[in-house]
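Please treat every number below as a calculation from the coordinates, not as lab data. Please read all numbers here as calculations on a predicted model, not as lab measurements. So basically every Cβ, Gly included, is an ideal-geometry build from the backbone, and we count neighbours across all protein chains shown.
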2 protein chains.
Amino acid sequence: MIRINDNYVKLPESYLFSEIARRVATFRAANPTVDVISLGIGDVTRPLAPSVIDALHRAVDEQAAASTFRGYGPEQGYEFLRRTIIEHDFAPRGVQLSPDEVFISDGAKSDLGNFADILAADNVVALTDPVYPAYVDVNAMGGRAGRLTSEGWSGIIYLPCVAENSFIPQFPASRPDVIYLCYPNNPTGTTLDRRQLKQWVDYALENGSLILFDAAYEAFISRDEAPHSIYEIEGARRVAVEFRSFSKTAGFTGLRCGYTVVPKELKGYATAGEEVEVNKLWNRRQCTKFNGTAYIVQRAAEAIYSPQGRKEIRASVDYYLENARIIRENFLRMGMEVYGGVDAPYIWLRTPQGMGSWEFFDMMLDKYNVVVTPGVGFGPSGEGFVRLTAFGQRERIEEAMKRLVL
Amino acid sequence: MIRINDNYVKLPESYLFSEIARRVATFRAANPTVDVISLGIGDVTRPLAPSVIDALHRAVDEQAAASTFRGYGPEQGYEFLRRTIIEHDFAPRGVQLSPDEVFISDGAKSDLGNFADILAADNVVALTDPVYPAYVDVNAMGGRAGRLTSEGWSGIIYLPCVAENSFIPQFPASRPDVIYLCYPNNPTGTTLDRRQLKQWVDYALENGSLILFDAAYEAFISRDEAPHSIYEIEGARRVAVEFRSFSKTAGFTGLRCGYTVVPKELKGYATAGEEVEVNKLWNRRQCTKFNGTAYIVQRAAEAIYSPQGRKEIRASVDYYLENARIIRENFLRMGMEVYGGVDAPYIWLRTPQGMGSWEFFDMMLDKYNVVVTPGVGFGPSGEGFVRLTAFGQRERIEEAMKRLVL
């Protein structure tokens, strides 16, 4: 008998986006001439920046000649990219890193998923609620989630982020080993100020917890109070791993590149008490189960840090932020309760009159032909909210807003 | 305390290639003017084929315009590539697959590493010896290897592949749950004929074992008796997963693309006895911890199946096979015992006069300034052998051969 990982059997079918797709398809079938606009889209819509396109063409040409061809690259990524990242994303914020603390990958989703490989299976995990569903699933697959009950997984500590606590997670009653934080946040679009993030770093330092910090939306930060990297906080290098992505920063969702920072000061412990550098473990994991990111893609990532590249990707981020502003202000003008959309491409909208997330979803689809994402799909504390995204095309977003106001 | 996966602590440092690099560096430092030729290189040296380069440029241009831009693709890969693979790699050999049985990835190393995710931690694993070291490490990381002793890992069943059994693994004394087979084989360069592979498929069917079949070197098969896919064997769809790579087939080591076939007939069992499709588990794993392979890379992979693309990659494979022939025949002429090199880019050479692998390595480096790979680095049964690879440039290989004959 081929024996499988039992934890996979406990995992319910991934439901949120397939259920949205099903309801939209049903609506379209019944209303074939109606123009449906999606404000639920989580993917970018603007093409790659000209600097990125140029870098790709150049790198492709290098691969065409034996003298410049590159085969296997370092599993950790090329030093040219690791150094460029440090120089632009960290050094200007006073964060000193060495290239071997930066691991280039094919995207934050892979790294966030695979990082659990190097952690003990009986670590207790804390997650903010609502949350990006993959964090939960990854830990359920790794046997860290316990049983699935009507209140969620029995083994996971949920940290409710609701309007009443300004979406700031509060310290849990019992100590977690691993804490997932994502700021700017998906789905709420809110972020933590320096002081708030410092409280979590201090908590992790006091409790010997590991913070897995997902900073995929860092490029959207517009307020000075919000830190761009957790390492801007003193002591964070001893407790935190930071995940970054070029997906939303530079439209790399189809190109696949991100990176993960694992500081050498970060220590882990085996059951017997042996102290090990987490950096070495991750390096070993990557060298054994990964063979590096495509050379041409790493050259593309490098290009976004050139003076011209920076201008171009800034313009795209600003375009999406302006979309976010339009959505946010429209709903505010309508007297609705709106969060996020300032330091993030996500807007978190309270449904009116206590409507449920799915009830509001259906109403928006039927009445305005606009698709939103039900907040409850991100966790119990998302009930009564929907997520709107700013990644669409301007004219479509404006059209959607017009429908709502009429 | 941040608690880590204890299995990582048990894993010795990866030693083989770093030790080779160390000895070569020491030699070069002492002999700075000597021209050292490597016959140990595991990476391709020929550039990407013109059809691949053209496809990359075209796909990059698509990413430059909003109307043709592609963001997130399917985690399992684009259907255009999955269908093309089935049409060319399987249908002509009488193997019918549906697109959802083919999963595109960033390379076989990732899939071979990650596949263990969906298997129970207490499965008993059997490996051929010598073997690609990552198979061992992956299972050690997953807690399936037991203790490391002087005879290898206590929990792993080793299947010695030596000259005395013509490098054909024999059935073990006790039943394994999972069997790794790699044919054409790295490092021995030998392969199994249809009848020999059928015996293993039948064994797996009788014993309820899973075969993880690594066919990364399939393109190098030149004899009709050797099956290109394990699914050419009746019943294999119920017991085998096949891993394929474009790395050696089309020089994609730096572009990163491969695929894994998981037939729907393949069933696994949870501890409670529940039967599940392994295909569904792998799909769930990939959707949760992977976000697909770059669109432009998938277009590049598609291009190798065009009439022109096939001609071009065939020419590269033939170039490497001719290298293999030159190496093989030179050593045969010298009266040495040589295996492989006919259906594979690897030549497996018995060291003369019972010399140890490392002793022969040192002799070759000192006397002929030629680098080989000590066979013992692939496992205990590799002692007394070295691996030579055919991926170098023709003139360098000819120069190396000249030195040996003189």
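Over all directions, how big on average is the projection of the convex hull of the alpha-carbon atoms in segment A:12-79, in square nanometres?
Averaged projected hull area, Cα only: 9.7 nm².
Which distances in nm, rounded to one decimal and ordered from shortest, link the label point of residue B:280 to the equivalent label points in the other identical copies, with labels set 7 Å from Cα toward Cβ?
4.3
Determine the percent antiparallel among the DSSP beta bridges restricted to segment B:54-306, to the nearest 5.
45
What does the net charge come to around residue B:325 if you take all other residues with beta carbon closer than 15 Å to its beta carbon, with K and R at +1 and D and E at -1?
-1
Between residue A:207 and residue A:88, what is the FRET efficiency for a Förster distance of 35 Å, r being their Cβ-Cβ separation, to the nearest 0.05?
The calculated FRET efficiency here is 0.60.
Counting alpha carbon pairs within less than 8 Å and at least 6 residues apart, what relative contact order, in whole percent, applies to segment B:269-406?
19
Roughly how many nanometres apart are two label points built 7 Å out from the Cα toward the Cβ at residue B:222 and residue B:10?
With each label point 7 Å from Cα toward Cβ, the separation is 4.3 nm.
Using Cα springs under 10 Å in a Gaussian network model of chain B, which residue among B:207, B:279, B:369 shows the largest mean-square fluctuation?
Fluctuation is largest for B:207.
Do the sum for the protein assembly as shown: with -39,500 (n - 2.57) for every DSSP H run of n ≥ 4, divided by all residues, what is the mean residue ellipticity at 222 nm, to the nearest 500 deg cm²/dmol?
When only DSSP H runs of four or more count, the value is -10500 deg cm²/dmol.
Among B:395, B:242, B:79, what is the fewest-to-most ranking by other Cβ atoms within 10 Å?
The fewest-first ordering by Cβ neighbours comes to B:395, B:79, B:242.
Straight-line reach only, C-alpha to C-alpha below 21 angstrom: list the lysines that residue A:198 could link to, leaving out same-chain residues fewer than 8 apart.
Partners found: A:264, A:267.
Going by amide H atoms built from the backbone, whose H comes under 5 Å of the H on residue B:351, apart from near neighbours?
B:385, B:386
Taking residue B:248 as the anchor, which lysines have their alpha carbon closer than 23 Å to its alpha carbon, excluding any fewer than eight residues away along the same chain?
A:289, B:109, B:311
Sort A:40-51, A:193-204 by packing, meaning the average of other beta carbons within 10 Å per residue, with the highest value first.
Result, highest mean Cβ count within 10 Å first: A:40-51, A:193-204.
Springs between alpha-carbon atoms under 10 Å, Gaussian network over chain B: tell me which of B:254, B:142, B:392 tops the mean-square fluctuations.
In this elastic network of chain B, the residue with the biggest mean-square fluctuation among B:254, B:142, B:392 is B:254.
For segment B:366-377, in order, what is each residue's ³J(HN,Hα) by Karplus, 6.51 cos²θ - 1.76 cosθ + 1.60 with θ = phi - 60°, in whole Hz (x at glycine and Pro)?
Running phi through 6.51 cos²θ - 1.76 cosθ + 1.60 with θ = phi - 60° gives 5, 8, 10, 6, 10, 9, 10, 10, x, x, 5, x Hz.
Average partner chain C-beta neighbours within 10 Å, per residue of A:243-255?
3
Quick one, can you get me the convex hull of the C-alpha atoms of the protein assembly as shown expressed as volume per residue in Å³?
Working: hull volume 134.9 nm³, N = 812.
Residue-normalised Cα hull volume stands at 166 Å³.
Give the long-range amide H neighbours of residue B:214: residues separated by 5 or more places, or on another chain, with amide H under 5 Å away, using H modelled in the peptide plane at 1.01 Å from N.
B:181, B:182, B:183, B:243
With a ≥ b ≥ c taken as the square roots of the eigenvalues of the C-alpha gyration tensor of segment B:52-123, please select rounded if a/c is under 1.5 and otherwise prolate if a/b is larger than b/c or oblate if it is not?
oblate
From the phi of every residue in segment A:145-159, what ³J(HN,Hα) in whole Hz does the Karplus formula 6.51 cos²θ - 1.76 cosθ + 1.60 yield, where θ is phi - 60° and glycine or proline is x?
Computed from phi, the couplings for segment A:145-159 are 9, x, 9, 8, 10, 5, 9, x, 7, 5, x, 9, 8, 8, 10 Hz.
Give the nm distances, rounded to one decimal, from residue A:171 to the matching residue in every other copy, measuring between label points 7 Å along Cα toward the beta carbon; shortest first.
Ordered by distance, the counterparts are at 6.2 nm.
Taking Cα pairs under 8 Å and at least six residues apart, what relative contact order does segment A:235-312 come out at, in percent?
23
What order do you get for A:312, A:383 when you list them from fewest to most C-beta neighbours inside 10 Å?
Least crowded to most crowded, the residues run A:383, A:312.
Among DSSP beta bridges lying fully in the protein assembly as shown, give the percent that are antiparallel, nearest 5.
Details: 48 of 87 bridges.
Just about 55 percent of them are antiparallel.
Amide H neighbours of residue B:171 under 5 Å, at least 5 residues apart or on other chains, H built in the peptide plane: list them.
none
Given that compact globular proteins tend to follow 2.2 N^0.38 Å, what is the ratio of the alpha-carbon Rg of segment B:265-406 to that value?
1.50
In whole Å and largest first, what semi-axes does the C-alpha gyration tensor of segment A:75-199 yield when each eigenvalue is scaled by 5 and square-rooted?
29, 20, 12
Going by how many other beta carbons lie within 10 Å of each one, how would you line up B:161, B:287, fewest first?
Fewest to most other Cβ atoms nearby, the residues stand as B:287, B:161.
Sort shortest first the distances from residue B:308 to its counterpart in every other copy, using label points 7 Å along the Cα-to-beta-carbon line, and give them in nm.
2.9
Please list, short to long, the whole-number percent of alpha-carbon pairs of segment B:257-344 in consecutive 5 angstrom bins beginning at zero.
3, 10, 11, 12, 11, 10, 12, 12, 9, 7, 3, 1
Is there a simple number for the mean count of other chain Cβ atoms within 10 Å of the Cβ of residues in A:54-65, and what is it?
Per-residue shielding by partner chains comes out at 5.
Just tell me how shielded A:266-275 is by partners: mean number of partner chain Cβ atoms within 10 Å of each residue's Cβ, no decimals.
Shielding by partners across A:266-275 averages 4.
Taking one equal scatterer on every alpha-carbon of chain A, how large is log10 of I(q)/I(0) by Debye at q = 0.08, 0.11, 0.14 1/Å?
Listed by q, the Debye log ratios stand at -0.44, -0.86, -1.35.
Restricting to Cα pairs below 8 Å that are 6+ residues apart, what does the relative contact order work out to for chain B? Please round to a whole percent.
Averaging sequence separation for qualifying contacts and normalising by length gives 23 percent for chain B.
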